[in-house]
Amino acid sequence: MGLLAFFLITLFVFYWFPIRGGLKTFLLILIMISGWLSIFELVSIIEARPWVAAPVLALIGLFVWKWRKDRRTKLNKHPDI
């Protein structure tokens, strides 16, 4: 979990604080490395506790389904030019 937290903190610092030059490049390299390793950490968490991933994936699926349904409805209501 520490690696995942490190990834999120460096990502937050990279986007929200005005950093220039070499430090920005260094942060970008840290974000890429820790992000890549965080993928493996997330996979190991899901393998250890699969019952945690099922509700999260169900919520993501529900969100995507609702977003696509709303988009399709909006496109059908929009008059053609």
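Each reported figure results from applying straightforward, stated rules to the coordinates on display, with no laboratory input. Please read all numbers here as calculations on a predicted model, not as lab measurements. Cβ: placed from backbone, ideal geometry, glycine included. Neighbour counts: every protein chain shown.
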Checklist entry - Which of Ile60, Phe12, Asn76 sits farthest toward the positive end of the charge dipole of the chain, with +1 on the Cβ of Lys and Arg and -1 on the Cβ of Asp and Glu? => result Asn76
Item to check | Value of [θ]222 nm, deg cm²/dmol, for the chain, DSSP H segments ≥ 4, -39500 (n - 2.57) each, nearest 500 | outcome: -30500 deg cm²/dmol
Checklist entry - Could you give me the ³J(HN,Hα) list for the stretch 68-76, computed from phi with Karplus coefficients 6.51, -1.76, 1.60 and θ = phi - 60°, whole Hz, x at Gly and Pro? => result 5, 5, 5, 5, 5, 5, 5, 5, 6
Next on the checklist: Tell me the relative contact order for the chain as a rounded percent, counting alpha carbon contacts under 8 Å between residues six or more apart.
Outcome noted: 31 percent
Checklist entry - If you put +1 on each Lys and Arg Cβ and -1 on each Asp and Glu Cβ, how big is the dipole of the chain around its Cα centre, in Debye rounded to 20? => result 480 debye
Checklist outcome for this item: Which of Val52, Val13, Val64 fluctuates most in a GNM of the chain (C-alpha springs under 10 Å)? That residue is Val64
Checklist entry - Normalised by the number of residues in the stretch 1-48, what is the relative contact order in percent for Cα pairs under 8 Å and 6+ residues apart? => result 55 percent
Next on the checklist: To test your reading of the geometry: what angle, between 0 and 90 degrees and rounded to tens, separates the Cα axis of helix 2-16 from the longest principal axis of the chain?
Outcome noted: 80 degrees
Checklist entry - Modelled label-to-label distance, Asp70 and Met1, 7 Å Cα→beta-carbon offset: nm? => result 3.2 nm
